[in-house]
C-alpha cells in the first residue's frame, strides 16, 4: 500500500497509525495555525510579485488562505493527525478549498524554513504581552511601596534578623529584579524579530525570491543571512526559556517570603481570600496556595529550559526531527509566565500588611547592634573593637532578656565609656532606618526618591 503523504512520492509503504501518531506534531503545533497562514499569505504574495507563479494563482491562493484564516478565527478548522503537522494540515485544507493550485504555495520554501518562521512569529506576537504584564506588576509593586515607604520591618540575611529596613525598600528590590527581567525579554525580541523564510530546507532556493519583501509583510525587522543558521537556530526560544526561568526564580523567591510571612509565627502579611484556599478537613486553615503554585511552576519552567538545551546540544546542522521538541516547552512556559505574573499582581494588590507586627519584630531582636557599633566607630573606637564590645553586650542581653535599647546607661558605659545618653535615640528602629541615606540605602527619603524615579521610567514606556 502506497503512502498518501504530501512528501511520499518515493515511498512504497504506509506507516501504521500508531507510528504516524508518534511522529505527528499537530496535537500541539496547531497553536501556530494563525502564524502558519500569516506566513503563507506573505509567501504567496511574494511568489506572485516575483512572477514565480501567475498573479491569478497567487490571488487565488491568498483568497483561500484568508478564508481559512476566517474559519480559524471562528473555531471551524478541523485538523487531522494523518497530515502530521500544522503546515501540511493547512495545505491540505487549502487544496480542498481551491484545488491543485494550492500545491504551488510550497514553491521556493520548505517545512524547515516554514516552521522556523511560524515559531518566530508565535513568540514575536506574545513577547509584548509578557512585557505588558511585567509593567503591570511593576506598577503594583510601586503602589504598594508608596503606601509602605516608611513601614519598618526586619531585614534578613541567612533568614536571621539582620537590620531594620522598610517594607517599601524591600518591595523595590523586587521592582529592580523585574526591571532586569523586562530588559531581558525586551532584548529577546531582537533575536525573535528575524525572518527565516526563503532559506528553504538548508541551502536557499534557485527561485528569484524577495526575502526582504516577505520579512516586511510579516513585520520582521531583518532576515537571517545564512540559510543553515536560519533553519537550525532556536536561540530565540532558548533565550525566552532562560529569561522565563530567571523571572520565575524571582517570583519564587518572593512567593517563598509571602508564604513564610503569612504564617502564624511571622504574621507580617495576610493574603486576600481571592488568592488563598482552605482545608478540606481543618476549618481554620488559610493556605497560600497560589504563591505555592508559582513556586512549584518555577521547577516546571527550569525543566523546559533544560529539556530544550539538552535537545539542541549535539544536533548537527541543519534541521533535525529532534527540533520538533522545541515548541511544547515554549508554549507551556509562555502560558505559565503570563499567568504567574498576573497572579502576583493580584496577590500584591489585595495584600494586608500588619505594620505593627513588622515594627514589633525589630524591637527586641538586637538588629540594632550595628547601630551601636557604628556609633562607637564615630567616637574613635576602631570598628573591629567596637564590634567585639557590642557582641559582648548582645550576649549579655540575650542571657538577661534585655534588648540593647533597654539597657541602662551605666551598663552600656561599663562596656564602652564613649557611650552617651544620645545612644537611645540611635538605637530606635526608625533612626536606624533613616540614617541609611547612602545611595541604595533603606532611608524613607531614599525609598520615596526611588519610587519617583521608577514611576518616571514607567511613564515613558
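Here are the numbers:
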{"item": "So residue 460, is it closer than 30 Å to residue 183 by Cβ and buried (at least 17 other Cβ atoms within 10 Å of the Cβ)", "result": "no"}
{"item": "Residue list for the stretch 143-199, restricted to those being closer than 30 Å to residue 220 by Cβ, in contact with a helix residue (DSSP H, G or I) (Cβ under 6 Å, 6 or more places away or on another chain) and in a helix (DSSP H, G or I)", "result": "178, 181, 182, 184, 185, 188, 189, 191, 192"}
{"item": "Count of residues meeting criterion [within 22 Å of the chain's Cα centre (by Cα) and within 19 Å of residue 118 (Cβ to Cβ)] in the stretch 305-348", "result": "14"}
{"item": "Options 382, 316; residue that is without any contact (Cβ under 8 Å) to a residue 24 or more places away in the chain and within 30 Å of residue 26 (Cα to Cα)", "result": "316"}
{"item": "Boolean, residue 334 is at pLDDT below 95 and within 26 Å of residue 31 (Cα to Cα)", "result": "no"}
{"item": "Checklist (1) buried (at least 16 other Cβ atoms within 10 Å of the Cβ); (2) in contact with a helix residue (DSSP H, G or I) (Cβ under 6 Å, 6 or more places away or on another chain); (3) farther than 16 Å from residue 428 by Cα applied to residue 383, failing item", "result": "(1)"}
{"item": "Failed condition for residue 311, given (1) surrounded by fewer than 20 Cβ atoms within 10 Å (Cβ to Cβ); (2) touching a helix residue (DSSP H, G or I) at 6+ places or on another chain (Cβ under 9 Å); (3) in contact (Cβ under 8 Å) with a residue 60 or more places away in the chain", "result": "(3)"}
{"item": "Scope the stretch 412-435; condition without any contact (Cβ under 8 Å) to a residue 12 or more places away in the chain, surrounded by 13 or more Cβ atoms within 10 Å (Cβ to Cβ) and in contact with a helix residue (DSSP H, G or I) (Cβ under 9 Å, 6 or more places away or on another chain); matching residues", "result": "420, 434"}
{"item": "From the options 418, 396, residue that is modelled with pLDDT of 95 or more, out of contact with any strand residue (DSSP E or B) (no Cβ under 8 Å at 6 or more places or on another chain) and assigned to a helix (DSSP H, G or I)", "result": "396"}
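The values are calculated or read from the model by the stated rules, or taken from the named source; none is laboratory data. Quick caveat: nothing in here was measured; it's all calculated off a predicted structure. Because the Cβ atoms are built from the backbone with ideal geometry, glycine has one as well, and the counts that use them run over all protein chains shown.
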